[in-house]
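Encoded as structure tokens, the structure appears first; notes follow it.
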Amino acid sequence: MGARIAELTARRVRDPEAVTAAAASRIRAKSPLGDTGRAMIIAADHPARGATAVGGDELAMADRAELLRRLCVALERPGVTGVLGTADILEDLLLLGVLDGKCVFGSMNRGGLAGSVFEIDDRFTGYDAQTIAALRFDGGKMLTRIAPDDPATAGVLQASARAVDELAEQRLLAMVEPFLSRWEGGRVRNDLSPDAVIRSIAVASGLGRRSAYTWLKLPVVDDMERVLAATTLPVLLLGGDPGGAEGEREALARWWRALRLPGVQGLVVGRSLLYPADGDVAGAVDRAVGLL
């Protein structure tokens with residue numbers, strides 16, 4: 001795999017249309033839930049928002065060849081049903097031929113760069129619904145932060161609603177990741193209290209003209225039974241940066257409890273599986289799949 005990764009730039013130079021050909025010939029998944037009835041989706045759209053840190057390493061995800069190597073390891077593991085990423089990453093994976101039988105979700109809004117003064121103004125700088133459909137992918141994901149103290153929130157909600165509409169028109173899943181957020185000390189902080197997550201669910205669930213193709217991507221917080229009672233939409237649980245081995249063990253325990261609740265369809269996890277504290281990507285993925 002290392003040699004094939006090293007050849008990616010040369011392939012892009014020689015034949016840019018190879019990506020289109022690879023997308024056209026890719027064997028699609030029958031369902032986002034795979035054969036087990038549970039989704040295990042690997043997320044890798046963080047770098048496009050300038051979020052390359054894992055634990056104490058600010059540039060852990062910056063080495064593209066290493067990130068691709070880890071993604072290939074994860075996608076080979078039994079029970080992994082899909083991947084979420086931006087065009088640069090997904091097109092590399094198409095060229096590497098590792099997306100057969102996987103659900104593929106394109107990340108749509110990455111303009112709210114991490115740590116920027118315009119972070120809430122999360123412009124749609126990635127995939128659009130038309131391209132996702134043309135590439136025979138399965139849906140699109142949007143980060144939708146609701147900050148009552150930032151007027152840019154109105155534009156974010158409008159853009160997210162438009163994306164939900166356009167994906168529904170193509171009969172593609174809209175994976176909406178909502179947070180109730182606020183500015184604190186010059187940085188955006190997501191409120192992970194149960195009440196705040198419930199309010200974010202209420203707003204996100206009502207985006208767009210239709211909800212038939214809308215799924216929610218939610219954090220695991222306290223009182224998840226009450227949180228999940230706020231929606232009848234399918235829910236995927238997100239991961240985040242656990243910050244070391246102890247955090248990884250705690251994350252597994254939280255996922256295990258939440259996965260038993262009604263409405264939860266599986267996991268969408270990135271950094272904690274791709275960059276585990278012990279460096280064993282395959283082991284980390286297998287432990288997460290085991291929860292399903």
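The values are calculated or read from the model by the stated rules, or taken from the named source; none is laboratory data. None of these values were measured; they are calculated from a predicted model. Please note: Cβ atoms are built from the backbone with ideal geometry, for glycine as well, and neighbour counts cover all protein chains shown. Keep in mind that these areas ignore ligands, DNA and RNA; they rest on the heavy atoms of the full protein, side chains included. Shrake-Rupley method; radii C 1.70, N 1.55, O 1.52, S 1.80 Å.
Worth a mention:
- Summed over segment 102-142, the residues that are of a type in the set (A, V, I, L, M, F, W, C), within 30 Å of residue 78 (Cα to Cα) and open to solvent by less than 10 Å² (accessible area, probe 1.4 Å) give a count of 8.
- Members of segment 168-227 found to be out of contact with any helix residue (DSSP H, G or I) (no Cβ under 9 Å at 6 or more places or on another chain) and of a type in the set (Gly, Ala, Ser), listed by number: 185, 186, 193, 196, 200, 202, 205
- Pick from segment 184-201, criterion without any contact (Cβ under 8 Å) to a residue 12 or more places away in the chain and in a strand (DSSP E or B), ranking: surrounded by the most Cβ atoms within 10 Å (Cβ to Cβ): 189
- When each of 125, 81, 86 is tested for being within 16 Å of the chain's Cα centre (by Cα), among the β-branched types (Val, Ile, Thr) and closer than 21 Å to residue 152 by Cβ, the lone residue that passes is 125.
- Selected residue (criterion: farthest from residue 134 (Cα to Cα)) from residues of segment 172-215 that are among the hydrophobic types (A, V, I, L, M, F, W, C) and touching a Pro at 6+ places or on another chain (Cβ under 7 Å): 192
- Restricting segment 202-234 to residues that are assigned to a loop (DSSP other than H, G, I, E, B) and β-branched (Val, Ile, Thr), the residue that is surrounded by the most Cβ atoms within 10 Å (Cβ to Cβ): 220
- The number of residues in segment 261-289 that are modelled with pLDDT under 95 and open to solvent by 60 Å² or more (accessible area, probe 1.4 Å) comes to 3.
- The selection criterion, being closer than 19 Å to residue 134 by Cβ, in a helix (DSSP H, G or I) and of a type outside the set (A, V, I, L, M, F, W, C), does not hold for residue 100.
- Extreme residue, farthest from residue 183 (Cα to Cα), among residues of segment 105-164 that are outside any loop (DSSP other than H, G, I, E, B) and among the hydroxyl-bearing types (Ser, Thr, Tyr): 131
- Scanning segment 44-85 for residues that are open to solvent by less than 30 Å² (accessible area, probe 1.4 Å), of a type in the set (A, V, I, L, M) and free of Cβ contacts under 8 Å to residues at least 40 places away in the same chain yields a count of 1.
- Any chance residue 35 is open to solvent by 40 Å² or more (accessible area, probe 1.4 Å), charged (D, E, K, R), in a loop (DSSP other than H, G, I, E, B) and at negative phi: yes
- Conditions (1) more than 30 Å from residue 145 (Cα to Cα); (2) free of Cβ contacts under 8 Å to residues at least 24 places away in the same chain; (3) open to solvent by less than 80 Å² (accessible area, probe 1.4 Å); number of the one not met by residue 25: (3)
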